[in-house]
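The next block holds one structure in the form of structure tokens; read it before the comments.
We did not get these values from a lab; they are worked out from the coordinates using the rules stated. Keep in mind the model is a prediction, meaning the values are calculated, not measured. FYI the Cβ positions are ideal-geometry reconstructions off the backbone, even for glycines, and counts take in every protein chain you see.
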Amino acid sequence: MLTPSPETPLYNHPLPQIEQWLREQGCQQDETQLHCWRVQRSNWQAELWLDIEQIIVRYVQAGEGGQDIQRAFKYSLSRQDIERAVFSGP
């Protein structure tokens with residue numbers, strides 16, 4: 001199966017390709033809640049949820065006073081834009 005170009009909106013990607021893309025970014029899928037993913041970098045960690053209309057990202061203890069930072073990205077954004085926004089960190 002050919003992966004759509006990075007400029008393609010994420011809603012035009014089949015779910016297996018989205019899951020493979022998340023794995024390539026270093027994400028690990030939750031074994032019991034398959035729509036949940038986790039990623040850890042040297043200076044931040046996040047949880048991602050594949051929601052119905054968007055990807056929700058919660059950067060754990062990344063805000064002021066150790067607060068979590070939560071953001072949402074619509075699937076209408078390109079894979080490239082979501083990748084840049086999510087994986088550049090909080």
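Here are some notes:
- For the stretch 18-37, the criterion of being farther than 18 Å from Pro90 by Cβ, of a type in the set (Val, Ile, Thr) and surrounded by 13 or more Cβ atoms within 10 Å (Cβ to Cβ) is met by at least one residue.
- If you go through the stretch 30-69 and keep only what is under 13 Å from Ile18 (Cβ atoms) and hydrophobic (A, V, I, L, M, F, W, C), you end up with Leu34, Trp37, Leu48, Trp49, Leu50, Ile55.
- Neighbours by Cβ (under 6 Å, 6+ apart or cross-chain): first from the stretch 39-66, within 12 Å of Pro90 (Cβ to Cβ); second assigned to a loop (DSSP other than H, G, I, E, B) and among the aromatic types (Phe, Trp, Tyr): Tyr59/Trp44; Ala62/Trp44
- Qualifying residue in the stretch 57-71 (condition: on the phi < 0 side of the Ramachandran plot and touching a Cys at 6+ places or on another chain (Cβ under 8 Å)): no
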